[in-house]
1. When only residues in region 100-114 that are buried (at least 16 other Cβ atoms within 10 Å of the Cβ) and aliphatic (A, V, I, L, M) count, which is nearest to ALA80 (Cα to Cα)?
2. Counting only residues that are under 20 Å from ALA99 (Cα atoms), of a type in the set (Gly, Ala, Ser) and at pLDDT 85 or above, give me the helices (runs of 4 or more DSSP H) lying completely in region 3-81 with at least 1 of them.
3. Filter region 83-99 for residues that are touching an Asp or Glu at 6+ places or on another chain (Cβ under 7 Å) and surrounded by fewer than 22 Cβ atoms within 10 Å (Cβ to Cβ); which is farthest from ARG25 (Cα to Cα)?
4. In region 1-38, how many are in contact (Cβ under 8 Å) with a residue 12 or more places away in the chain, of a type in the set (Asp, Glu) and surrounded by fewer than 19 Cβ atoms within 10 Å (Cβ to Cβ)?
5. Could you grab the pairs with beta carbons closer than 7 Å, sequence gap of 6+ or different chains, first residue in region 84-107 and within 30 Å of LYS128 (Cα to Cα) and without any contact (Cβ under 8 Å) to a residue 40 or more places away in the chain, second one not in a helix (DSSP H, G or I) and not basic (Lys, Arg)?
Amino acid sequence: MKHREQRELFQALLAVAGADGTITRAERGLLETLAERVGVGRISLNAMIERATREQGFKNNRSLHKVHDPLKAMKLLVAAARIDGEISEEERQLLVHIAGIWDIADEDFVEVFKAGLTTADRLRGERKQS
């Protein structure tokens, strides 16, 4: 995945994580990991998280452009939304909104959504065992 695409995916992830007005510890950990990969420093990340929660996902953010592999990216977004154990209605609505931007067909979205849930639940189970 190209650096530009990673940054766009990071922006989408930030929007989804903040969609319900809060960033949980699990969501923050995921954001910190991806922020490091794309070169976003801690101060910038904190400001971005503040904006995402204040504007509850800032879903009209212009950075939500199409990505090279939208199904893979959507699976990551769904897993990120579920990493804290649930997907809020606001997060679900934003995921649907992003799927529209990325031209993901409804039937593909359903399959990717299920796969993202499975991934998040597996990761949560692994963390509990550690």
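The values are calculated or read from the model by the stated rules, or taken from the named source; none is laboratory data. All values derive from a computational prediction rather than experimental measurement. Don't worry about glycine lacking a Cβ; one is built from the backbone with ideal geometry, like all the others, and counts go over all protein chains shown.
1. Per the criteria, the residue is VAL112.
2. Fully inside region 3-81 and qualifying: 3-18, 42-54.
3. Looking at the filtered set, the residue picked out is GLU90.
4. The qualifying residues number 2.
5. Matching pairs, first to second residue: none at all.
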